[in-house]
Each structure stands twice: as C-alpha cells, then as structure tokens.
Amino acid sequence: MSIYSNAKISVRQFAILIMIGTVGDSILIMPTITAASSKQDAWLSMLLAFFAGILTGGIFAAIANRLQRVSLYEAIRQRLGLWFGGFFFLLFIFSSFMCILTLLSEMSQFMTTQLMPETPVNAIILFFGAVIIIAYRYGIEAYARMGEILFPVMMGLFVLLVVLLMPQIKWPNMLPIMARGFLPIINGALPAYCTGFVEMAVLLMLVPYVEGNGKLTKHILKGFIVGGIILFLIVLISVLVLGPALMETKYYPTFVLAQKIMIGHFLERIEAVMAFLWVITVFYKTLIHFFTLTTGLAQVFRLKESKMLTIPLGMILLVCTVVGTPNITTYNQILIDYYPWFDLTFFLVLPLIMLFLIIAVKQKPPKVQGQQPQGQQPQGQQQPQQPQKN
Amino acid sequence: MLYKFAISMLCLLMLTGCWSRRELNELLIVLGVGVDWEDGHYLVSFQVVNPSEISNQQKRGDRPPSTLFQGRGKTLFEAARAVTAEAPRKVYAGHLQIYVIGEEAARRGINEIIDNVARDNEARMDFNIIVAKGTKAENVLKLYTPVEKLPSYSMQQSLQTSEKNWAPTIAVTLDEAINKLSSQGSEIALTGIRVIGSPAIGETKQNVEKFLPPSRFRYSGIAAFKEDRLIGWLNEKESRGYTDITNNLDSTSIAVPCGEQRYLGVEVTSSDSKIKTKVVNGNPEVEVSIRTEGNIVERTCTDVDLSDPATIKKLEGQTKQAILGNVEAAVQRAKELKSDIFGFGTQLEKEHPAYWNQVKDQWREEYFPQLKVTYKIKMFIRDTGTIENSTIR
Amino acid sequence: MTSVLAVLALAAGAFWLEAPGLIRRQQFRELSAFLVLLLIGTVLYSLLMLQLSLPNPFMLVKWMFRWMGTAKSF
C-alpha cells in the first residue's frame with residue numbers, strides 16, 4: 001500500500017480518469033486498424049466496439065460496487081487465500097505490464113515517425129517514463145486533479161479538431177455501407193474494443209481511492225460513454241474526411257486529419273498543437289496502468305510503500321519496450337493479430353472470474369490478525385450484505 | 001534547499017535544445033519538385049527558395065529568387081539525398097507547393113513517385129501535382145515568372161485560380177491522388193503544364209525584363225491515366241467537359257455562336273453536377289445531371305434582343321448545346337482511351353455494390369467503353385451584366 | 001561503455017534517492033524488494049546498452065496465442 005492510502009479522489013475525477021484512459025492510444029491507431037478490416041465501414045466497427053464496451057463497463061461497475069472500497073488484491077486474497085490469490089493477482093498485473101509496453105511503444109513510434117525522426121527511441125521513452133514516475137510519486141490525488149484541469153483542454157482541442165474539419169467532410173466517402181458483409185466489421189471491432197474498453201479493467205485498482213461509499217456505476221459508465229463517443233467521432237470523421245484508402249495507408253490518420261485543417265489560409269499547420277491532445281490521453285492511460293503495476297506489486301508482496309519501486313520498474317519497462325519493438329512491422333502484426341486475445345483473456349476473463357468470486361465465494365477470515373490496516377475492518381460487517389442483488 | 005538547487009541545475013540540461021532540431025537557417029526550403037526519368041534513373045529537381053532575394057529588408061542582389069538543385073538516383077530518396085553533394089543544406093519538404101512529373105516519368109508509372117511522397121513525414125498533403133507536357137519537369141521549374149517572384153508559388157496559384165475560373169484544369173492534391181489511385185473504379189487525371197517559348201531564355205533574368213516574357217508556362221489539357229500510367233491527353237474542350245462532370249467546375253466562359261464569326265459570351269457562375277448510376281438488364285447506365293447558372297457578359301450580335309425573355313430561353317438552349325458538346329467530347333475521349341477518369345465505376349460501387357463486385361475486374365476494358373451515358377443539363381441565365389441592350393449602334 | 005556507466009549512474013542515483021529513507025525507517029522488506037528490482041533493471045538496461053539481443057516480451061504473447069494463426073479466422 002502506498003503511504004497515501006488515505007488519499008481520496010472525487011467521483012468526478014474518477015470518471016475523468018476513466019474517460020481519458022479509454023481514449024488513450026486508441027485515438028492514434030484505431031482508425032487505421034479498423035479501416036484495415038472494414039474499409040469504409042470503420043465507423044460501424046467502432047460503434048460495435050462502443051456498445052460492447054458499455055456492456056463491459058457494466059461488468060466492471062458490478063465488480064467495483066461490490067468491492068466497497070476495498071483494494072482489489074485484498075478482495076481476491078480473502079477469497080482465494082494467500083498463494084492462489086497472489087498468483088491470480090500477479091496475472092492481472094502482468095497484463096498491465098504488457099499494456100504499458102504497448103503504450104510506450106505507440107508513443108515513441110509516433111514521435112519518431114511524425115515529429116522527431118532522428119531522435120533515438122531510448123530518449124523519448126526515458127523522458128516520458130520520467131514524467132510518469134514523477135507523476136506517480138506525487139500520488140493519485142495530484143494527478144487526478146491534474147486530469148480534471150486538463151480535461152477541458154482536451155475536450156476543447158477535440159471539439160476544435162472536429163469543428164474545423166467539418167467543411168472538408170465528403171459524405172459519399174461513407175458509401176457503400178456494409179457492402180462487404182458483417183464479418184469484416186467484427187474483425188475491425190475486436191482490436192478497437194480490446195484496446196479502448198477492455199484495457200480499462202485497471203480502473204478497479206483506482207476504486208479504493210474514490211471517496212464516499214456509493215455506487216460507482218454511473219461514473220464508470222459516464223467515463224466509458226464519453227470516451228467511446230470521442231473515439232467513434234474520430235473514426236467517423238476520419239472516414240468522412242480522408243476516405244478509407246488514406247485511412248488505411250497512413251499510420252496515424254488523426255495526425256493527417258490535424259494536418260488537413262485549413263481555414264481561410266490562416267488557420268493551418270496546427271498539427272503540433274493537436275499532438276498535445278493525444279500526448280495527454282496516452283500519458284494518462286500509461287499512468288493508470290503504471291499505478292496498477294506498482295501498487296499491485298507492493299500489495300502482492302505486502303510492502304508498506306510502493307514509491308521506491310518506481311525507478312527500477314521504469315528501467316525494466318524501458319528495456320522491454322525497446323526490445324519489444326525492433327521494427328514497426330513486427331509490432332503491428334502482434335498488436336493486430338495476437339494482442340486482442342491477450343487482452344480479452346487477462347482483462348476480461350480474469351475480471352469475470354473476480355466477479356464470480358466476489359459474488360459467490362464467502363470471504364475467508366484473514367490469516368494473521370494484526371497485519372491489516374484499519375481500512376479492512378468493515379469487511380466483517382458487510383458479510384451479511386453479500387446476498388444483496390446489485 | 002540543496003535539493004531545489006540540484007533540480008534547477010538539472011533542468012538547465014534540458015535547455016540545450018532538442019535532438020532533431022533544425023534551425024531556420026539550416027533548412028533548404030523546397031517549393032517545387034520535378035521528377036524526370038532519364039536513362040534508367042530518376043532525375044529529381046528541387047526548386048528552392050533563395051531567402052535573401054525575396055526578403056524585404058535585405059538589399060536585393062541579382063541572384064534569382066529561387067535556385068534549382070538536381071540529384072540523380074535509382075530511388076527518389078537517393079536522388080533527394082544526392083542533392084546535398086551540391087546544396088549547402090538538406091531539403092525541407094514542409095512547404096512544398098507544386099510537384100511536377102515529367103511526361104516520360106508519367107508514362108512509366110507514377111506509383112513509385114506517389115508512394116515515396118506519401119511515406120515522407122515532412123511533406124504535407126496540400127501541394128498540387130501536375131504533369132509536364134512535351135517537356136521535362138526540370139524545364140518547368142527553371143522559369144523566371146513575372147509578378148510573383150517564386151515560380152512554384154506562381155504556378156500553384158495559377159492552377160488553383162484557373163481551376164476556379166477557367167475550368168480546363170484541376171488542382172489535384174496528394175490525398176486526392178492517393179484516393180483515386182487506390183480505387184478500382186476511377187482513374188487519376190492530372191493537369192498538364194507546358195512551357196511556351198524557349199527554356200533557354202526562360203532561365204535568365206531577361207525573361208522578366210521584357211514586357212511580354214518570351215518564355216512562359218501555360219496549363220493546357222488534362223492527362224488521363226490508366227492505373228498509374230499516362231496514356232493520353234484531353235484537349236481544352238474535353239478537359240472542360242471533364243471538370244464539368246466531376247463537379248469541379250466553378251466558373252468558366254462559354255462562347256455561343258450568334259452569327260457569322262460572332263459569338264455571344266456567357267459566364268458560368270455556378271455549376272453542380274451529379275452522377276447517378278443505374279443497372280438496366282444487367283448493363284450499367286450512367287445519368288449525368290448538370291445544373292448551371294450563368295450570366296451574359298458579351299453581346300456582339302446586335303440582332304440579339306436581351307430584353308426579350310424568349311431570347312434568353314433561346315440562348316439558354318444554345319449554351320446547353322455547348323455544354324453538352326464539351327461533356328460528350330470528354331466522355332468520348334475517355335472511352336477511346338479506356339480510362340474511367342470520371343469515377344463512374346466508383347459511383348456504381350457506392351450505389352450498386354453487389355453488381356460492382358461482379359463487374360469490377362472487367363470494368364476498364366469491357367464495361368466502361370460501352371457505357372451508356374445520358375445527360376440532363378439545365379441551364380439558367382440570370383443576369384446580363386449591368387446593361388440590358390446597349391444603346392451602341 | 002559510457003552508456004553502461006550512465007546506466008550505473010542512474011541506478012546509483014535511484015539508490016541514493018530511496019535507500020537512506022528506507023533504512024532510516026527500518027523497512028527492510030521494502031528495501032530488499034527495491035534492491036531486487038533495481039538489480040534486474042540495471043542488468044537488463046546494461047545488456048541493452050551493450051547491444052546484446054534480449055528476448056522480446058511480445059513473443060510471449062505470440063506464443064501464448066499461437067493457435068490463433070493469422071487470427072482473421074473468427
């Protein structure tokens with residue numbers, strides 16, 4: 001547990017963190033990936049992923065509500081015992097580790113492809129990692145507040161992007177609708193669903209820090225819905241303005257979208273400003289996953305602090321990212337073909353097992369009496385409330 | 001205290017500049033690129049800005065406002081890097097305005113050229129692509145142009161202005177080119193540029209020292225491609241028909257004959273066209289509907305009475321014939337070349353996707369040349385300028 | 001060689017930053033976890049700087065789901 005275990009973030013900050021995390025790196029790469037399968041129906045893929053994501057949000061909300069502000073690790077350990085619970089939780093953390101690798105890869109590849117081609121990847125990841133570590137060490141309250149401040153900036157930039165591109169929309173780009181059947185749409189929806197919505201299973205780690213004791217369903221769904229709408233609009237605008245051919249060709253269609261903004265020959269070339277938008281979203285998603293990794297590791301090994309683990313973990317993450325992305329082609333193949341299944345297994349099946357455990361299995365009493373901090377006390381009293389339907 | 005001091009000292013390390021920085025005076029700003037195919041390798045010409053010559057503060061010398069650097073190579077990238085053997089800086093393609101492809105290179109295929117430009121992370125999508133007609137691309141970029149100091153800028157502005165006002169030209173940007181090249185149902189068409197007069201004089205400052213520059217550029221004709229190879233040119237009449245059908249025509253001038261070598265001038269002020277496809281008995285049919293509005297700007301025949309509505313109706317009919325002539329000529333020429341530059345195939349794909357799936361492989365060779373095209377043209381003359389019938393006898 | 005020294009400097013910096021506080025608060029369990037991770041991180045990073053080829057973690061993902069093939073099958 002971090003020494004800030006009594007840190008509290010408001011429900012609004014929680015919803016904002018989820019929203020920014022959902023947008024994450026999907027805003028950069030999803031237009032290409034969905035268009036690769038479904039061409040001009042990419043927006044339908046995204047819509048499908050959106051609805052599936054809302055359902056998944058419901059599952060996460062069910063878990064979050066039943067946790068009653070107890071940390072996820074404690075809830076698992078009390079039902080599965082020390083060793084099984086620890087192993088189960090370690091799987092969860094492991095997938096968070098892999099997710100950070102993908103996020104850091106995306107960020108560094110974007111920087112080296114579009115903005116700073118001669119910069120070595122090491123340097124970019126080093127600086128990005130350093131900011132993540134510093135943000136984590138300041139505690140969840142600090143970066144949740146920062147998220148609240150950056151939220152209007154992000155929304156403002158996004159609205160600007162959409163509105164300034166409206167004059168360049170060509171509606172025929174959307175036709176013919178569903179000409180190639182339903183299967184390509186599902187193929188395109190799978191990576192979008194996994195990267196955008198399933199990977200946000202780590203919001204369960206944030207639950208113990210949310211103030212109050214109320215249900216979190218509304219806020220989780222709010223975050224998912226707003227994030228999903230942003231992603232859907234981005235894919236829709238990409239199809240309408242760029243057309244399916246260009247969407248599929250270019251690696252980062254949102255960057256091309258920002259390049260295309262041209263109002264009256266004076267408001268142009270603002271893509272570097274737009275880049276701010278996705279730097280924010282990728283940063284927050286990486287931060288939430290890093291939080292999961294570090295705090296989770298501290299909890300599994302029953303450490304009292306997690307701050308000191310940040311720098312070594314940062315080093316390991318950097319090395320694994322650089323090693324994991326020898327070139328963009330290898331990375332893309334793994335991301336599109338294999339990674340969605342990995343996400344589904346670890347971030348969907350595992351939470352479903354957790355939900356089953358939390359509903360069905362009675363808590364075992366804690367093994368050693370004095371070791372738990374005060375926050376665990378309400379557990380015994382809530383046992384009679386277990387059979388309540390959510 | 002020491003901690004804060006240490007942190008601020010470390011922050012100073014960040015102020016030394018970033019890795020990929022390029023100062024403004026390290027940039028070789030390229031405005032125009034020309035690609036030629038010569039003896040088995042690419043000859044790439046870069047028209048770069050000479051900043052001291054176009055600045056308002058520095059004293060103007062007698063250097064040209066732009067310089068041409070050329071590089072040779074087996075790939076376009078090699079040629080671009082080979083330029084540094086002659087040029088003092090590395091090219092910066094962020095301000096590219098015009099991209100000229102030599103006719104021979106275009107006949108060989110423009111796929112590699114477009115692929116290279118699309119992959120580049122510095123080049124944006126807003127420059128125009130043109131084909132050099134009957135000359136090499138480097139000759140197009142070596143011209144002194146009057147009025148505008150930077151020839152590439154002059155050419156780009158001329159292309160965009162003539163697309164809006166004169167019609168037989170289209171300003172194709174890179175994203176449009178990629179979209180057309182990627183689709184099976186339409187072929188790309190690029191405007192052609194010619195150099196009138198001798199390039200030898202055009203290279204020298206004498207060109208702009210005369211009243212009428214002996215060597216100028218002129219956009220003439222649209223090049224039709226098949227897949228990615230240039231296969232033929234459309235003349236002015238056919239080019240106007242092409243822009244009309246593809247809804248690129250904003251304004252142009254139509255001359256209506258009204259007597260012996262006398263023509264009435266009609267200015268088209270707006271023109272919208274829609275393409276609708278039908279499948280009749282398993283055969284595709286296309287209906288082109290054009291709605292045009294215009295003004296009368298020149299009345300040379302004194303027997304035409306502009307105060308009579310019947311005359312206006314008659315003139316509308318005659319203008320309609322002229323437009324129809326343009327459009328039919330364009331379709332005829334495209335059918336001859338077997339190149340669907342209008343995008344009829346793409347429209348068919350959007351409206352009848354199942355049928356398109358069956359015919360798409362034979363569209364180019366079989367279905368398009370026999371396509372039945374019908375026209376529905378509506379022409380409205382709204383104004384006659386500021387006078388009705390002039391009182392000049 | 002210099003890059004490896006830089007890595008070691010980074011590890012020393014991390015140690016200097018964290019260890020005194022942990023020792024002072026007598027959190028030896030935390031200290032050992034920190035040292036283990038720091039050792040792993042330093043070793044890996046030094047190997048990277050020496051440009052030795054390290055195993056790709058994504059290959060683990062690929063091996064786990066190797067039966068998916070091209071995954072276009074649904």
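The values are calculated or read from the model by the stated rules, or taken from the named source; none is laboratory data. Predicted model only: the values in this text are computed from it and were never measured. Cβ: placed from backbone, ideal geometry, glycine included. Neighbour counts: every protein chain shown. Please note that ligands, DNA and RNA were not included when accessible areas were found on the heavy atoms of the full protein model with its side chains. Shrake-Rupley method; radii C 1.70, N 1.55, O 1.52, S 1.80 Å.
When the pairs B:Lys350/B:Lys378; B:Lys350/B:Lys372; B:Lys136/B:Lys237; B:Lys237/B:Lys350; B:Lys276/B:Lys360; B:Lys142/B:Lys205 are compared against a 20 Å limit on Cα-Cα distance, B:Lys350/B:Lys378; B:Lys136/B:Lys237; B:Lys237/B:Lys350 fall above it. Classify chain C from the C-alpha gyration tensor, please: rounded if a/c falls under 1.5, else prolate or oblate depending on whether a/b exceeds b/c. Oblate is the answer for chain C, as a/c is 1.5 or above yet b/c matches or exceeds a/b.
Ordered from highest to lowest accessible area with the whole protein assembly present and a 1.4 Å probe, B:Ser45, B:Ser158 read as B:Ser158, B:Ser45. Quick one: accessible surface of A:Leu160, probe radius 1.4 Å, all protein chains present, in square angstrom to the nearest 10. The value for A:Leu160 is about 80 Å². Shielding value for B:208-219 is 0, the average number of Cβ atoms from other chains within 10 Å of each residue's Cβ.
Per-residue surface analysis assigns B:Lys320 an accessible area of about 80 Å², computed on protein heavy atoms at 1.4 Å probe radius. Take each residue in A:330-342, count the other chain C-beta atoms within 10 Å of its C-beta, and the mean is 5. When the other protein chains are added to the chain by itself, burial of at least 20 square angstrom of heavy-atom accessible area (probe 1.4 Å, ligands and nucleic acids ignored) affects these residues of region A:184-233: A:Ile186, A:Asn187. Here B:Glu26 sits with roughly 90 square angstrom of accessible surface, probe radius 1.4 Å. For a label point 7 Å from the Cα of B:Gln370 along Cα→C-beta, name the residues of region B:277-295 whose backbone N is under 11 Å from it. Those under the cut-off are B:283-284. Only aspartates and glutamates eight or more places from B:Lys320 in sequence, or on another chain, were considered; those with a Cα closer than 15 Å are B:Asp244, B:Glu267, B:Asp272, B:Glu293, B:Glu328. Can you tell me the orientation of helix A:140-165 relative to chain A, as the angle in degrees between its alpha-carbon axis and the longest Cα principal axis, to the nearest 10? For helix A:140-165, the angle is close to 20 degrees. Tell me the total accessible area that A and C bury against each other, 1.4 angstrom probe, in square angstrom rounded to 100. Buried area between the two chains comes out at roughly 3700 Å². Within the shell defined by Cβ-Cβ distances under 15 Å, the residues around A:Ser108 carry a net charge of -2, with Lys and Arg each +1 and Asp and Glu each -1.
Listed peptides A:44-53, B:73-82 appear in the order A:44-53, B:73-82 once ranked by packing, highest mean of other Cβ atoms within 10 Å at the front. Sequence neighbours fewer than 8 away in the same chain don't count; with that in mind, list the lysines whose C-alpha is under 19 Å from A:Lys260. Leaving aside lysines fewer than 8 places away in the same chain, those within reach of A:Lys260 are A:Lys170, A:Lys250, B:Lys180.
Cα gyration tensor of the protein assembly as shown, axes a ≥ b ≥ c as square roots of the eigenvalues: rounded (a/c below 1.5), prolate (a/b > b/c) or oblate? Here the protein assembly as shown falls in the prolate category.
Counting Cβ atoms of other protein chains within 10 Å of each residue's Cβ and taking the mean over peptide A:243-253 gives 4.
Dividing the mean sequence gap of close Cα pairs (under 8 Å, 6+ apart) by how many residues region B:176-302 holds gives a relative contact order of 17 percent. Looking at chain A as a GNM with Cα springs under 10 Å, which of A:Met247, A:Met315, A:Met98 has the largest mean-square fluctuation? Evaluated over chain A, the most mobile residue of the options is A:Met315.
Computed 3J(HN,Hα) for region C:40-52, one whole-Hz value per residue from the Karplus formula 6.51 cos²θ - 1.76 cosθ + 1.60 where θ = phi - 60°, is 4, x, 5, 4, 4, 5, 5, 4, 5, 5, 7, 6, 7, glycine and proline marked x. Sorting the segments A:25-36, B:368-379 by their residues' average number of neighbouring beta-carbon atoms within 10 angstrom, most packed first, yields A:25-36, B:368-379. Taking every alpha-carbon pair under 8 Å whose residues sit at least 6 apart, chain B reaches a relative contact order of 13 percent. Mean sequence separation of contacting Cα pairs (under 8 Å, at least six apart), scaled by the length of chain A, corresponds to a relative contact order of 41 percent. Mean residue ellipticity at 222 nm, helices only, chain A: -21500 deg cm²/dmol; runs of at least 4 DSSP H residues each add -39,500 (n - 2.57), and the sum is divided by the number of residues.
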